[in-house]
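Everything below concerns the one structure shown next.
The values are calculated or read from the model by the stated rules, or taken from the named source; none is laboratory data. As the structure is a prediction and not an experimental result, all values here were calculated from the model. Neighbour counts run over all protein chains shown; Cβ positions are idealised from the backbone, glycine included. Heavy atoms of the whole protein, side chains included, go into the accessibility calculation; ligands, DNA and RNA do not. Shrake-Rupley method; radii C 1.70, N 1.55, O 1.52, S 1.80 Å.
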Amino acid sequence: MQDPMLTIKSPGRINLIGEHIDYNGGEVMPAAIDLGILLKLNVNDSNTCNIHSVDYEDTFSIDLEEVVPSEIEWHNYFLGVIYFIQQKLPGSIKGFDCTIESNLPIGSGMSSSAALECGIAKGLDGLFDLGLTNLDIITIARDAEHHFVGTKCGIMDQFAVVNGKKGHFMKLNCQTLEVEYVKADLDPYELLLLNTNVEHSLATSEYNKRRSECEQGLHLINAQGYDFKDVAHIPHSIIDENKHRLPVKTFNRMKFVLEENQRTAMANNALLNNDLQALGWCIYGSHEGLKNLYEVSCEELDFLVDFTRVDDTVLGARMMGGGFGGCTLNIIRKNKKDDFIDQISKAYFKKFKTDLTAYTVKIGDGVRNLK
Ligand code: GLA
C-alpha cells in the first residue's frame, strides 16, 4: 500500500463492572484500553473498496453498488458500517483501500468487533469528510453489529471505544447516555486480564437469548399496569411480588440485572472513596451473579476466578464481557503479579490443556486519527 492518507487507532475495551446491563438501561463502567486495531486508508478513485487484514491474511473487495451481508464474519464489519453510512448519507462513500492490523485478541471479550466497526466508521468519516458525530459513529457501529454480524448488543462497547479517556473509567448511564469519567486510581493494584483462549459456540445465540429473556420479563411486569422502559429501573419489590408470574429463569435474569446495577453504583463509590477492598467484593459479587443467576459463565472462567480466592494477591476477579469464554478481569497486587501469572498459567494448563494469555492493561483514549 502507498503511504496511507489516514491512519486510525481504534482501541478495545474492558468493563470494570455492570455486565449485561447496557441493554437493560442501567449503569456500566467500561474503559478503552491500549490494545487495539490500526486501520490505514486511502481513496482509490473507483467504486470498489479493497480490504486487507494482516492477521487473517485475507483480502476482499466490496462493490459499493451491492452492499449485502456476507458468509464471512469479519467482512460483515465493513459491509455493515458502509451500509449504514450509505443509508444515512447516500452517495457519500467512494472507493477506498484499507489495511487492518490488530494486537487485540479476537473473541476475548475485549470487544475487537466494536473496535473494528468504530475504527471503520471513523476512518470513512475522515476519508470522505462525512461530518459524523461521535454518537453517529457509535450508532452506525452498533447497527452494523445488530444487522450484519447478528449480535443484538447494547451500546457499551461502541461508546467506550469512541469516548474512552486515558486513565479513566466511564460511568455510563445506558438509558440517557450521560457519562461521568472516574479516575482509575488502583495503586498498589492494577488491572490484569487472563484470556481463557476459549470461545464457546453458543456465545452469540445465548447472548441474544438473554436479551430476549429480559425483554420478556419487562413485558410481563408491564402487563400488570406498569410502564417501565427497562429492567434496570424496575424496583426490586415489584419483581419479587410478581415472582409467580415470571418463568424461573426470567426471574433470575431480572434479579441479576437489579443486583448488578446496584453493584455498579457501589463500585463507583468504592472507587471514589479509594476503598479498593469494597471494589473487589463488588467484582466477586458480579461474577457470582453472572455464573448463577444470569448463567453466562463457563468452566474455564469459573476456574480462573476461583483460583484467585486463595490469598490476598487479587482483590476481585470476574468474567468480563458477554461470557462463554474470553477473559477474566482481575485487580491484582502489582508486586505479586508475575508469580501469580506463573502459578495460574500452570494450573490452567494442567486442567484444560490450553494456554492462558495474560495482559496487563492500561486505560487509553478512544478511537482517533493518528494522521
Ligand atoms: C457484549 C456486548 C455489550 C454488553 C456486554 C455484556 O460485549 O457487545 O453490549 O452487553 O457483552 O455486558
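The rows are residues; the columns are (1) within 16 Å of the ligand (Cβ to nearest atom); (2) surrounded by fewer than 16 Cβ atoms within 10 Å (Cβ to Cβ); (3) part of a strand (DSSP E or B).
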| position | (1), (2), (3) |
| --- | --- |
| ILE51 | no, no, yes |
| LEU79 | no, no, no |
| ILE93 | no, no, no |
| CYS98 | no, no, yes |
| ALA115 | yes, no, no |
| CYS118 | yes, no, no |
| GLY131 | no, yes, no |
| HIS147 | yes, yes, no |
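Residues that are within 19 Å of ILE14 (Cα to Cα) and open to solvent by 40 Å² or more (accessible area, probe 1.4 Å): which strands (runs of 3 or more DSSP E) entirely in region 283-371 hold 2 or more of them?
357-360
Looking at this structure, is LEU356 more than 16 Å from the ligand (Cβ to nearest atom) and touching a residue at least 24 places away in the same chain (Cβ under 8 Å)?
Here the answer is yes, as LEU356 does meet what is asked.
Of everything in region 1-37, what is of a type in the set (A, V, I, L, M) and part of a strand (DSSP E or B)? Give them in sequence order.
Matches in region 1-37: LEU6, ILE8, ILE14, VAL28, ALA31, ALA32, ILE33, LEU35, ILE37.
Going through region 19-48 one residue at a time, which ones are within 13 Å of the chain's Cα centre (by Cα) and within 11 Å of the ligand (Cβ to nearest atom)?
Once the filter is applied, which keeps residues that are within 13 Å of the chain's Cα centre (by Cα) and within 11 Å of the ligand (Cβ to nearest atom), region 19-48 yields GLU19, HIS20, ILE21, ASP22, TYR23, VAL28, MET29, PRO30.
Only one of these conditions is not met by GLY280: (1) over 20 Å from the mean Cα position of the chain (by Cα); (2) under 26 Å from THR313 (Cβ atoms); (3) open to solvent by 10 Å² or more (accessible area, probe 1.4 Å). Which number is it?
(3)
Would you tally the residues in region 126-170 being in contact with a Leu (Cβ under 9 Å, 6 or more places away or on another chain), among the charged types (D, E, K, R) and under 22 Å from ILE33 (Cβ atoms)?
Total satisfying the criteria: 0.
For region 151-189, name all the residues that are part of a loop (DSSP other than H, G, I, E, B), within 13 Å of the ligand (Cβ to nearest atom) and either within 20 Å of SER10 (Cβ to Cβ) or open to solvent by 30 Å² or more (accessible area, probe 1.4 Å) (or both).
THR151, LYS152, CYS153, GLY154, ILE155
Which ones in region 239-257 are open to solvent by less than 20 Å² (accessible area, probe 1.4 Å) and more than 18 Å from ASN292 (Cβ to Cβ)?
ASN242 - this is the single residue of region 239-257 that is open to solvent by less than 20 Å² (accessible area, probe 1.4 Å) and more than 18 Å from ASN292 (Cβ to Cβ).
Please enumerate the residues belonging to region 229-238 that are surrounded by 15 or more Cβ atoms within 10 Å (Cβ to Cβ) and outside any helix (DSSP H, G or I).
Listed by number, the residues that qualify are ASP230, ILE234.
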